[in-house]
Every structure is written in C-alpha cells, then in structure tokens.
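See below for the structure under consideration.
The values are calculated or read from the model by the stated rules, or taken from the named source; none is laboratory data. Worth saying up front: this structure is predicted, and the values here are computed from it rather than measured. Note that we place each Cβ from the backbone using ideal geometry, even for glycine, and neighbour counts take in every protein chain shown.
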Amino acid sequence: MGLILNPRAFDTVFMQIIQIGNMPDFVESVTSHRARLLEALFVVLVGSCAACAQAGDKNVYDVEYHAEFLPAEGEALVTLEVGQDNGLLRELNFDVPEQRYSDFRGSGSLRRDGSRVIWSVPPRGGQLTYRVLVNQLRGNAHDALITGNWAVLRLDDLFPPARSRSDVGSYSSASLTLSGPAEWSFETGYGRVDTAVQVVNPDRRFVRPVGWLVAGELGVRRSEIAERQIVVAAPTGESFRRMDILAFLNWTLPDLVSLLPTFPDQFLVAGGNRDMWRGALSGPNSIYLHPDRPLISENGTSTLLHELVHVAMPDPPAQGDDWIAEGLAEYYSLTVLRRSGGISQHRFESAFLKLKAWAERDNGQLADPSTGANTAFATLMFRDLDRELQAAGSGLDPIVAQFFADRQINRHRLRDLVENALAGPSKVLQNVMPAH
Ligand SMILES: [Zn+2]
C-alpha cells in the first residue's frame, strides 16, 4: 500500500509521461483527461485505504476535510465528516472568531462560546459545516485573498486549530478534498488535490490540513530537486516568475538539503499577486512569496532561502528562543548562498559587515520575537559560534542538523550539543547566555 498511499507518486509518473510527449517545459493547466485519469485512480485507492484503516485498527477514526470555494461570496464552505462507529472522537473545540467563521451546522450538539465553537461528535460519526470569509489582512495587505479567478491562503485558515477529546490511544486518519468553479485546480504542500489526498502528521493524534494553498486558474511547474518533489504555483497572469524560482531552487536546495535533511519530501512555493502581502511566509510544507520579492536582495541576503531554512526546522522554537530560529535562518541563508556559488566571498563578508553595523546601531540582542537588528545580532552570534566550533575541529553544520533532527529547538539543547562538540563550555555562548 506504500505507493498507493502517495498520490504524488502518480502525479510524478503522469508528469513524466507528459514530458516524454515532447513537452519538457511548460506552464501546466488542468486538462480534463488528466483530471479524469487521476480521479479514476484515487477514488478507488484513497477510498479503499480509509476503509482498511478503519477496519484494520479499532483505534482509528476517519476525518474527511472538504472546502468548496465560492468566489462570488468571497467565502469557502467547509465540511468535516467524521467516520466512526465506536465513539472514539467525542468533542472538537475550534478556535473560530465569529467575524470570520459563521453559519455552523452539524449533527450532534453545537454551541458557540466566545471565539470558540464546541462540537459534540455523535458516537457513530457525523458532519459539521461552516463558512469561512477568505480575505484576511496582515498589516495593510492581504495574506489570504480570493478573486473571481483564484485564491491564495493557508489551509489552516479553512481548517483552524481544534482541541480534541477522544479515547486514549485513538487517532485520526485524515483526507482532504477541495472544489470550486469548474476551471479551478488546487495545489498544496500535500500535492495537487484532484480528489482525496491523505493528510499525514505523525506528531498529532487529531490531524488537520496545514500550509499554503493556491487555488484557481493556475500556472504550475513541477520538478524533483535534491530528491524532493517541488511545485511552484501561482495564479496565471500575475507576473509570478516560476522559472526564476525553480532555477534558484536548483542552485541552492541541494546544499540546503544536504545540510538540513529535515527539509520535507514535498514542497510548494505559492505565489500571490501584487496586491498581497509583500514578503515571504513559511508554512510546514510550503511558502508564500510575493511576486516582486527579489530572490537575492541588494545586501546579499535572500528572503526565499531564509524561509526555506524555517521550513527545514521541524518545530517552532521554545518560548523565549525565537532568536535561534531567526538567527539560524539568516546565517544559513547567507552560508548556503556562498557555498552554492550564488554570492562571492567578498559579498558574503560584506553582508556580515552590514549586519554588524545594524546590530550595533540599534542595540541588537537575543530576543523573542526576533526581527531587524535583533536578528542581525543573532546571525552574527551564530557566525562566531561556527568559527569557535571550526577552530576546535568541528563546525556548526553537524550541530544544527542534529538540533533539527532532535526536534528540541531551545537554548538548553543548543548549549548541550555545542559543549559536547567542544568538550567544554563555549566562550561565544557564555558571552550572550549566562551559564546554567
Ligand atoms: Zn524568519
């Protein structure tokens, strides 16, 4: 069932067939033939998979997530269907502010308590529906936007976090389907959603779809880079430079992945349009990027690479330790650019001089949240730490790889790993972090 569980495997096979057919390089749009072929495969395979999970393991309940985009209303109509026959899942308690999430209906009992909605799930399963206002401002620009032809947002916006109450040892088997106007297609960090795709997160008992989503009339490019399935997708006609991004990833991702093997197997770069938030934002399996954002800024730093380091980081940092996430993201975005030949040694050094001037001018320090001069300070600290480790015959690379693999992103674990490599305390860390 290993291959069957992975719809992307079929997607890749299908793309290879198309490429053999003398179309090695093209902006893809959904063809009805392709959609029908994949649908025929997945209806059978995903359907049977969910059924066998349910039949084979008495601790598993099914959750089918669906969202239908309604561009004329600026909304999505969401449905959660819970399949169970033994009452494993008893309650879902959603964080759903009223101004964005409305019209809740469901089997079993439902009640709203402030910004939360609590659904008592019937013992033999049931259905919950609600509406989501898609557009969302971040500062003065949208980080979620729907137009007549497309939508860019996070799946987290459609399926917000929920506390679950369920039997001890039980867990969900989750799948995702999406729909909208006839000509729309859907790209996510789980792959293209033609029919049901499995949503997997081994860390969670109650799994929900997360990460960026691009829906609508799309231009899409796919590639395998560093053994990762990469998709760059954006609405057509919005000047998103997919091939520039793919070339940049071909240039830098192999170095990044060999340094940080925790980078996910599937990854989506989601492009918005010029009216959207003018930056880059990472999700667990995807990033959003504004079309005007340079791949490398004039000062030698790269927002895209910075966000890619965040993507390789398996968990958010511990409270108080955001400087670790931001400092490492900036340090390794510069380092990977230098190693891959994207910037010269001279520019690499000059980028650090600018960070130093910034940190000194604005009194940068280790901070949470970390931005601006504080992140500049943390970046320089990691450079000093790398030098200290290299002088002792080690280096920061293996420590960061281990740090990410251990999934304990906090200052104590960082110090332990560094002291272990140095066989003693680190002068650099002692300067910025008082001893135990
Ligand atoms: Zn960052």
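Just one of (1) more than 22 Å from Pro254 (Cβ to Cβ); (2) within 13 Å of the ligand (Cβ to nearest atom) fails for Gln319. It is (2).
Being touching a helix residue (DSSP H, G or I) at 6+ places or on another chain (Cβ under 9 Å) and modelled with pLDDT of 95 or more: is that true of Ala247 here? Criteria not met by Ala247. Taking every residue in region 275-287 that is touching a residue at least 40 places away in the same chain (Cβ under 8 Å) and pairing it with any residue that is in a loop (DSSP other than H, G, I, E, B) and among the hydrophobic types (A, V, I, L, M, F, W, C), at least 6 positions away or on another chain, the pairs with Cβ-Cβ distances below 7 Å are Gly283/Val210; Pro284/Val210.
Filtering region 385-407 to residues that are free of Cβ contacts under 8 Å to residues at least 60 places away in the same chain and surrounded by fewer than 17 Cβ atoms within 10 Å (Cβ to Cβ) leaves Arg387, Gln390, Ala391, Ala392, Gly393, Gly395, Pro398, Gln402, Asp406. Please determine whether any residue of region 66-85 is under 18 Å from Arg163 (Cβ atoms), surrounded by 13 or more Cβ atoms within 10 Å (Cβ to Cβ) and of a type in the set (Phe, Trp, Tyr). Looking for residues that are under 18 Å from Arg163 (Cβ atoms), surrounded by 13 or more Cβ atoms within 10 Å (Cβ to Cβ) and of a type in the set (Phe, Trp, Tyr), one finds none in region 66-85, hence no.
Pairs meeting the criteria (first residue in region 254-266 and closer than 19 Å to Val200 by Cα, second residue assigned to a loop (DSSP other than H, G, I, E, B), beta carbons under 6 Å, at least 6 apart or on different chains) are Thr262/Pro314; Pro264/Asn285. Against the condition assigned to a helix (DSSP H, G or I), more than 15 Å from the ligand (Cβ to nearest atom) and under 25 Å from the mean Cα position of the chain (by Cα), how does Ala401 come out, does it pass? In short, yes. One residue stands out among those in region 297-316 that are out of contact with any Leu (no Cβ under 7 Å at 6 or more places or on another chain) and of a type in the set (Val, Ile, Thr): the one that is nearest to the ligand (Cβ to nearest atom), which is Thr303. Once region 345-356 is narrowed to residues that are touching a residue at least 12 places away in the same chain (Cβ under 8 Å) and either touching a Pro at 6+ places or on another chain (Cβ under 9 Å) or more than 15 Å from the ligand (Cβ to nearest atom) (or both), the residue that is farthest from Ser370 (Cα to Cα) is Arg347. Can you find a residue in region 140-147 that is touching a residue at least 12 places away in the same chain (Cβ under 8 Å), small (Gly, Ala, Ser) and not in a strand (DSSP E or B)? Looking for residues that are touching a residue at least 12 places away in the same chain (Cβ under 8 Å), small (Gly, Ala, Ser) and not in a strand (DSSP E or B), one finds none in region 140-147, hence no.
The strands (runs of 3 or more DSSP E) located wholly in region 79-122 that include 3 or more residues which are assigned by TED's automatic domain parsing to the domain that holds Ser172 and touching a Pro at 6+ places or on another chain (Cβ under 9 Å) occupy 89-95. Within region 291-324, being touching a residue at least 24 places away in the same chain (Cβ under 8 Å), among the small types (Gly, Ala, Ser) and more than 18 Å from Arg407 (Cα to Cα) holds for Gly300, Ser302. The criterion of at least 2 residues that are within 16 Å of the ligand (Cβ to nearest atom) is met, among strands (runs of 3 or more DSSP E) falling completely within region 224-285, by 280-283. Applying the set (1) in contact (Cβ under 8 Å) with a residue 40 or more places away in the chain; (2) hydrophobic (A, V, I, L, M, F, W, C); (3) surrounded by fewer than 20 Cβ atoms within 10 Å (Cβ to Cβ); (4) within 18 Å of Val63 (Cα to Cα) to Ala174 leaves exactly one unmet item: (3). So for region 331-344 (the condition being closer than 18 Å to Glu298 by Cα, more than 16 Å from the ligand (Cβ to nearest atom) and more than 28 Å from the chain's Cα centre (by Cα)), does at least one residue qualify? Checked against the condition, which is being closer than 18 Å to Glu298 by Cα, more than 16 Å from the ligand (Cβ to nearest atom) and more than 28 Å from the chain's Cα centre (by Cα), region 331-344 yields at least one hit.
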